[in-house]
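The values are calculated or read from the model by the stated rules, or taken from the named source; none is laboratory data. Nothing here was measured: the structure is a model prediction, and the numbers come from that model. Glycine gets a Cβ as well: all are built from the backbone with ideal geometry, and neighbour counts include every protein chain shown.
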Amino acid sequence: MRYEKGTMELSPARDIPLLQQVLRSGFVTGNQLYEFMRLEQTEGSRQAFDHRVRRLVGHGLIEKRPGLARGRHQVYSISKDGASVLIDAGELFAGRRNVDVVKQSCAHWLELNEVHLALWRSRALVRWTPATEICSQNLTSYRYAKDYDAVVAVGCDGGEARFALEYERTPKTFGAYGEIANTLEDETLVDTILYLASNYHLMCIVRDRVQAASNPRDDRRNNPARYPLPKHPGTTARETRTPIEGLATCPFAITLKRIAAFIHE
């Protein structure tokens, strides 16, 4: 079958999954994208993958984003035409926060991709619901309390453990954490919210500010000297340590509001 010049046939088995991953990742490097496709078993040849990406870029379905991530490989994001193709194919997408607006969000999503890939490689990952789908669902009455970075299910003791995932790359104000803590109190669809932090001190900031906001009697904010940093992440009395193999490959300190803490050593 022949096609008009300038048009292309999209492969449901190879092109569509690649476009979906670009959209769901927000921003993604070429290496990350190839690894996603390899783990999904839709691509086994780097040469064929590179040709596919060039073709999709050439037809305006994927955009190159030069200068967004210093010291990294080429970064890609979905174009408006690419998103339109996926919406026509039934993709759950109604826009995405912080992707089209701020340059600083690029590093956030690239680092979150590393968490996703680490869980996938560990074989612990059962399901990863991306922010794009969460934002779409949150327009309905069956909504999460906030637009999480992901909702994740992992294998645990023969069953499934499910939690909302938030990656904190830079600190927010104390007031912002108070609003977040109040919002999370209204959560009904997940019992656990896992916060990942880019470094140990930020992990402690999130822990202390969320606890203080959740408990008005907690004087951590006014008397921080009375609450020294724990010797090791995740060893406070209220936290349960549950390592997940694979997260050790990620350079992230991890903390949790509510039930459990997934700690890499």
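For the stretch 122-162, the set of residues classified as at pLDDT 90 or above, more than 15 Å from the chain's Cα centre (by Cα) and of a type in the set (D, E, K, R) consists of Arg143 only.
Could you go through the stretch 99-113 and let me know if any residue there is touching a Gly at 6+ places or on another chain (Cβ under 6 Å) and not acidic (Asp, Glu). Looking through the stretch 99-113, at least one residue is touching a Gly at 6+ places or on another chain (Cβ under 6 Å) and not acidic (Asp, Glu). Condition check: in contact with a helix residue (DSSP H, G or I) (Cβ under 9 Å, 6 or more places away or on another chain) and not assigned by TED's automatic domain parsing to the domain that holds Gln21. Does Tyr200 satisfy that? Criteria not met by Tyr200. Residue pairs whose Cβ atoms lie under 6 Å apart, separated by 6 or more positions or on different chains, with the first residue in the stretch 164-181 and assigned to a helix (DSSP H, G or I) and the second buried (at least 18 other Cβ atoms within 10 Å of the Cβ) and of a type in the set (A, V, I, L, M, F, W, C), are Tyr177/Val210; Tyr177/Ala213; Gly178/Ala213; Ala181/Val210; Ala181/Ala213.
Scanning the stretch 6-27 for residues being modelled with pLDDT under 95 and among the aliphatic types (A, V, I, L, M) gives a total of 3. Please determine whether any residue of the stretch 67-89 is among the basic types (Lys, Arg) and more than 22 Å from Trp120 (Cα to Cα). Looking for residues that are among the basic types (Lys, Arg) and more than 22 Å from Trp120 (Cα to Cα), one finds at least one in the stretch 67-89, hence yes. When Cys204 is tested against (1) surrounded by fewer than 19 Cβ atoms within 10 Å (Cβ to Cβ); (2) part of a helix (DSSP H, G or I); (3) at pLDDT below 85, exactly one condition is not met: (1).
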